[in-house]
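These notes concern the structure reproduced below.
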Amino acid sequence: MTKASPHQQQQLLRVQHIDTAIRRLQHRRANLPEQQQLDERSALLERVNADHLAATDELVSVERRQKRLEHDIAAVDDRRKAEEARMYSGVIASEREAGALRNELAALKSRKRDLEDELLEAMERHEELTATIETLQTRRQELRDEIAPLARSRDAAATDIDTELADQVAARDELVDALPNAVVAHYDRLRARKNGVALAELQDGTCQGCHLHLTAGELEEGREIGELGLARCVQCGRLLVEPATG
Ligand SMILES: [Zn+2]
């Protein structure tokens with residue numbers, strides 16, 4: 001059975017402290033507030049871009065509709081002028097023909113009114129869309145202005161953490177190199193099973209892994225089921241390292 005000397009136990013506790021620090025750094029690295037803000041702004045920008053595209057597409061079709069309506073109105077006007085010219089040219093022989101022509105002119109007038117109403121509607125929509133597009137363009141610029149510095153501070157924060165991580169990993173390597181492989185392997189296996197914490201300090205009879213107080217009887221029981229020459233906490237199953245004396 002693998003045993004660790006009291007000195008090795010203390011060194012292993014230092015490794016545990018470093019591993020806890022590494023885990024905390026990795027968690028911070030994966031959950032940078034700058035990254036979260038960046039993700040939020042990027043999602044918003046994507047929505048603004050989609051809205052902008054939709055408004056621009058609609059504006060193009062509204063402009064096409066306006067042109068078509070203007071063209072139709074001009075055609076109705078031409079037709080009306082031609083009919084009026086015919087009416088006053090003296091070629092209309094009968095009252096029946098004159099009546100038909102008056103009806104035709106009334107129909108053209110009403111058709112023109114409808115087309116003009118439609119044109120007015122299109123012009124109003126055009127105005128709305130132009131305002132919307134302008135607002136979206138402003139919002140888009142604002143978001144882009146926010147994203148650039150956020151990306152820079154995210155990168156800076158990540159770089160700081162990476163530097164700290166590299167320091168911790170180097171310190172761990174140094175400690176681990178001085179320990180027997182079997183001891184480290186045993187510790188690593190237990191750590192994987194115990195959610196990253198294999199070793200806990202025993203302070204005034206309290207396990208610092210689960211913060212429960214152990215009675216003398218429980219400690220005795222823990223020594224019997226311990227590993228690496230260390231007692232096991234009967235509550236959480238971690239190995240207990242007593243503070244170094246002297
Ligand atoms: Zn415990």
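Read the figures in this text as sums done on the coordinates, not as results from a lab. None of the values given here were measured: they were computed from a predicted structure. Virtual Cβ from ideal backbone geometry, glycine too; neighbours counted across all protein chains shown.
Taking amide H positions as modeled 1.01 Å from N, with prolines and chain starts lacking one, the residues under 5 Å from Val241 and 5 or more places away or on another chain are Ala200, Glu201, Leu202. Of all aspartates and glutamates in the structure, those lying under 15 Å Cα to Cα from Lys194, and not within fewer than 8 positions of it along the same chain, are Asp19, Glu227. A simple rule links phi to the HN-Hα coupling: the Karplus curve 6.51 cos²θ - 1.76 cosθ + 1.60 with θ = phi - 60°, which for the stretch 205-221 gives x, 10, 6, 7, x, 10, 6, 9, 7, 10, 6, 4, x, 5, 5, 4, 4 Hz, with x for Gly and Pro. Centre-to-centre separation between the Cα atoms of the stretch 63-87 and those of the stretch 98-136: 12 Å. Going from the residue with the fewest nearby Cβ atoms within 10 Å to the one with the most, Thr206, Thr56, Thr159 rank Thr159, Thr56, Thr206. Working note: Karplus 6.51/-1.76/1.60 with θ = phi - 60° gives the stretch 226-235 the couplings x, 9, 6, x, 10, 6, 10, 5, 6, 8 Hz, where Gly and Pro are set to x.
In this structure the amide hydrogen of Gly226, modeled in the peptide plane, comes within under 5 Å of the amide hydrogens of Arg232, none closer than 5 places in sequence on its chain. Of the beta bridges in the chain, as assigned by DSSP with both residues counted there, near 60 percent are antiparallel. Legend: P(r) of the chain from all alpha carbon pair distances, 5 Å bins from 0, whole percents, reading 1, 5, 9, 9, 7, 6, 5, 5, 5, 4, 4, 4, 4, 4, 3, 3, 3, 3, 3, 3, 2, 2, 2, 1, 1, 0, 0.
Would you compute, from DSSP H runs of 4+ residues alone, the mean residue ellipticity of the chain at 222 nm, taking -39500 (n - 2.57) per run and dividing by the full residue count, rounded to the nearest 500? Write down the numbers at each step before the final one.
On the way: 5 runs with 186 residues, N = 246.
Helices in the chain give a 222 nm mean residue ellipticity of -28000 deg cm²/dmol.
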